[in-house]
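Working notes, beginning with the structure itself.
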């Protein structure tokens, strides 16, 4: 139980209404999209780096755990507090500080919503590469914490590829700056990349300098359907080994297609086993040439149908099918385990065929879709009851999936992080000596282990 004197200190430090201590006020800050829930002792809000420094210094001296939070869109419990801890919300630190077109960079606070930044950049014909599916409500800070990327990562990379520098407060309340404002720079260790994807265990982000890019003025969207997953997998591999890099490359499996058809009035023809949604972008004078080259690659493979869209309404219609998957899963009711794995593209066929086999073996429906261009597949295990979800059978099924991913030289998390949910599995991927090195690095940033403790590593 957090002592009242600590709450009183925070109330003196912060403006009125920046400290929540009543259960009814704190409740909503105790969970994220993992559906885990732990009631925080209190919730603090900050609007600048000086407040964060003072909060952390006090918590460091008093051994008070801090869980930093954006908008709580994560899937692995990363923003769920541990018992007897506080939540520090960065939602009020939501300013776009600077957009520098000449040097292709933007400086933002961590609470800026991804789409807010993208809308600001679009007015100047620029964009930031990462576009997670939660971009309408997830924060830049949260995107950076989990290295969350989205479909566009196949061409434009993850946050780790699109950050020039960071500013953060360590676990002792010290302000640090990393990186540069230039596209090149090798002075010192690359702390920017170490911090990105660290899930809040190394420091509290206060500012990010992002690399931005000019928008291309033309987009073509192609939907390809297949009779079987082998043909779909081979087409994906062939598309990723030719010179033109897709803007987006998404895979949808048989079970996903069934779900989409329940909402989108038979968007896919009967008998369609899988689908690939492909997008290319470029300047007007080159886009037709690029489309021709892409179509030639597709037609060298076995396929069921090809649909091409180039105006906004047609493109939106094709993407609406892909975007309807998450709502469709929610409408099913019941319970699910939502996993986020990635394998080398050459191993996609084996992954998808093995997932079909595992689904039959454990009699558990598995719905697969995701960012095929990165080998990043969202694997959804569906259950009718909570008891089924928590059963030994489901745990065995999940364990076999993770063993499969490691066997295929993949990773247990492509963009959702480890958090609490996956921590028990991390030794499947990372050996004990390397894990110990990572934990020693955390000690340098956070010697009292107050920043998001007992998570990630």
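The values are calculated or read from the model by the stated rules, or taken from the named source; none is laboratory data. In this text, all values refer to a predicted model and were calculated from it rather than measured experimentally. With ideal geometry, Cβ positions are generated from the backbone for all residues, glycine too; neighbour counts draw on all protein chains shown.
Among the residues of the stretch 174-182, are any outside the structural domain of residue 248 (by TED's automatic domain parsing), in a loop (DSSP other than H, G, I, E, B), touching a helix residue (DSSP H, G or I) at 6+ places or on another chain (Cβ under 6 Å) and free of Cβ contacts under 8 Å to residues at least 60 places away in the same chain? Within the stretch 174-182, not a single residue is outside the structural domain of residue 248 (by TED's automatic domain parsing), in a loop (DSSP other than H, G, I, E, B), touching a helix residue (DSSP H, G or I) at 6+ places or on another chain (Cβ under 6 Å) and free of Cβ contacts under 8 Å to residues at least 60 places away in the same chain. Under the condition of being in contact with a strand residue (DSSP E or B) (Cβ under 6 Å, 6 or more places away or on another chain) and either under 14 Å from residue 171 (Cα atoms) or assigned by TED's automatic domain parsing to the domain that holds residue 201 (or both), the residues counted in the stretch 413-450 number 1.
Residues that are touching a residue at least 40 places away in the same chain (Cβ under 8 Å) and surrounded by fewer than 19 Cβ atoms within 10 Å (Cβ to Cβ) within the stretch 1-13 comprise 1, 2, 6, 9, 13, listed in sequence order.
Screening 132, 110 for residues that are touching a residue at least 40 places away in the same chain (Cβ under 8 Å), over 25 Å from residue 441 (Cβ atoms) and either outside the structural domain of residue 46 (by TED's automatic domain parsing) or surrounded by fewer than 21 Cβ atoms within 10 Å (Cβ to Cβ) (or both) leaves exactly one candidate, 132. Taken as a whole, the condition of being surrounded by 15 or more Cβ atoms within 10 Å (Cβ to Cβ) and part of a strand (DSSP E or B) applies to residue 212. All conditions but one from (1) within 28 Å of residue 379 (Cα to Cα); (2) assigned to a helix (DSSP H, G or I) apply to residue 288; the one that does not is (1). Does residue 274 count as at negative phi, out of contact with any strand residue (DSSP E or B) (no Cβ under 8 Å at 6 or more places or on another chain) and buried (at least 19 other Cβ atoms within 10 Å of the Cβ)? In short, no.
The rows are residues; the columns are (1) out of contact with any strand residue (DSSP E or B) (no Cβ under 8 Å at 6 or more places or on another chain); (2) closer than 20 Å to residue 374 by Cβ; (3) not assigned by TED's automatic domain parsing to the domain that holds residue 301.
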residue: 195; (1), (2), (3): no, no, yes
residue: 202; (1), (2), (3): no, no, yes
residue: 205; (1), (2), (3): no, no, yes
residue: 224; (1), (2), (3): no, yes, no
residue: 233; (1), (2), (3): yes, yes, no
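Considering the stretch 87-98 alone, what residues qualify as being touching a helix residue (DSSP H, G or I) at 6+ places or on another chain (Cβ under 7 Å) and crowded, with 18+ Cβ neighbours inside 10 Å? Scanning the stretch 87-98 gives 87, 88, 89, 90. In summary, residue 387 fulfils each of the numbered conditions (1) part of a helix (DSSP H, G or I); (2) under 24 Å from the mean Cα position of the chain (by Cα) with the single exception of condition (2).
Residue by residue, here is whether (1) within 27 Å of residue 423 (Cβ to Cβ); (2) free of Cβ contacts under 8 Å to residues at least 12 places away in the same chain; (3) not in a strand (DSSP E or B) holds:
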position	(1), (2), (3)
280	no, no, no
296	no, yes, yes
302	no, no, yes
313	no, yes, yes
358	yes, no, yes
377	yes, no, no
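Number of residues in the stretch 135-159 that are in a helix (DSSP H, G or I) and either assigned by TED's automatic domain parsing to the domain that holds residue 246 or within 12 Å of the chain's Cα centre (by Cα) (or both): the value is 9.
Residues are listed down the side, and each one gets a yes or a no for (1) at pLDDT 95 or above; (2) at positive phi:
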position	(1), (2)
342	yes, no
345	yes, no
352	yes, no
365	no, no
391	no, no
396	yes, no
409	yes, yes
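In the stretch 364-389, the residue that is surrounded by the fewest Cβ atoms within 10 Å (Cβ to Cβ) out of those that are more than 20 Å from residue 257 (Cβ to Cβ) and in contact with a helix residue (DSSP H, G or I) (Cβ under 8 Å, 6 or more places away or on another chain) is 388. On inspection, residue 55 passes the criterion of being touching a helix residue (DSSP H, G or I) at 6+ places or on another chain (Cβ under 8 Å) and buried (at least 23 other Cβ atoms within 10 Å of the Cβ). Only one entry in 74, 70 is within 17 Å of residue 206 (Cα to Cα), buried (at least 24 other Cβ atoms within 10 Å of the Cβ) and touching a helix residue (DSSP H, G or I) at 6+ places or on another chain (Cβ under 7 Å), namely 70.
The residue that is farthest from residue 232 (Cα to Cα), among those in the stretch 360-375 that are in contact (Cβ under 8 Å) with a residue 60 or more places away in the chain and in a helix (DSSP H, G or I), is 374.
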